[in-house]
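Here is the structure we will look at.
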Amino acid sequence: MASQVVKFAGLSDRDLKKVAAMPRLAAGDRMELHVRRKDGKEQTLALPPAAVDAVEILIDRLLSGDRVAVLAEDQELSPTEISPILGISRPLVVLRMDRGDLPFRYVGKHRRALLKDVLSLKARLEAQRGAMEALAEDAEDLHVRYGV
């Protein structure tokens, strides 16, 4: 799969004022998508439960003012697209790839990594950062309490 530019979408302030919060669905509730075309034709599609969950999350994030992008987990990303996800520079993404921390493949001369691998690395990096912060807090506590 070729890399695609990540496109973010958000609601304008005007749209945010017009749209009401989506009601919470209870067990057994269904969600349908009603489409009215320019030519006047209408179509209704019933959404499966997994799609309903995704739509609820999407709408909640949009209504909270966040910009969102929808990507498949097998979406391939370039190091430039990966860097904001991981919060590191593009050269550091390439270094992680070269070290084997982030699996990738070449498309011609260009590196591509799967989104699911990027998110897996992100989870590992966040766990490491959390452990380092806890260790730093413990060291600070030892210093304050015991002068060590």
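From Glu133, Glu137, Glu81, Glu126, grab the single residue that is in contact (Cβ under 8 Å) with a residue 24 or more places away in the chain and charged (D, E, K, R).
Glu81
Evaluate the following for Val70: is it among the β-branched types (Val, Ile, Thr), free of Cβ contacts under 8 Å to residues at least 24 places away in the same chain and exposed (fewer than 15 other Cβ atoms within 10 Å of the Cβ)?
Judged against the criteria, Val70 is a match.
With Arg14, Arg24 as the choices, which residue is outside any strand (DSSP E or B), farther than 30 Å from Asp117 by Cα and touching an Asp or Glu at 6+ places or on another chain (Cβ under 9 Å)?
After applying the criteria, what remains is Arg24.
The numbers here are math on the coordinates, done by the rules we state, and not lab data. Remember, it's a predicted structure, so these values are computed and weren't measured experimentally. Counting neighbours? That spans all protein chains shown, and the Cβs are built from the backbone with ideal geometry, glycine included.
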